[in-house]
Amino acid sequence: MAVVVDLDVMLARRKMSVGEFSRRIGLTPANVAVLKNGRAKAVRFSTLDAICRVLECQPGDVLRWVPDGAAEVSHPLPVA
């Protein structure tokens, strides 16, 4: 089982830099990178709340579950 963090997708959709995002949610850019790169072992609900508030999204827009052995397919960006 793997929980995939699609934070990079949401940042691209919102045209927001990691620096601006990290300032607005109150995390260091290094900790945002840990989340973005899928190296986080846990996420606090308060952090998830801040992410959703700043990106104006739902938790499912940022997190998704992929079964073991499944090919990880990233979400394509929608065509505007």
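Our coupling estimate for the stretch 29-36, obtained by passing each phi through the Karplus curve with A = 6.51, B = -1.76, C = 1.60 and θ = phi - 60°, is x, 5, 6, 5, 4, 4, 5, 4 Hz, Gly and Pro reported as x. Modelled this way, with points 7 Å down the Cα-to-C-beta line, the labels at residue 18 and residue 47 are 1.5 nm from one another. All C-alpha pair distances within the chain, sorted into 10 Å bins from zero, spread as 17, 55, 25, 3 percent across the bins.
In this structure the chain gives 69 Å² per residue of accessible area when probed at 1.4 Å with all protein chains present. The amide H of residue 4, built 1.01 Å from its N in the peptide plane, has 64, 65, 66 as neighbours under 5 Å, considering only residues 5 or more places off or on other chains.
The values are calculated or read from the model by the stated rules, or taken from the named source; none is laboratory data. Predicted model only: the values in this text are computed from it and were never measured. Note that we place each Cβ from the backbone using ideal geometry, even for glycine, and neighbour counts take in every protein chain shown. Ligands, DNA and RNA are excluded from the accessible area calculation, which covers all protein heavy atoms including side chains. Shrake-Rupley method; radii C 1.70, N 1.55, O 1.52, S 1.80 Å.
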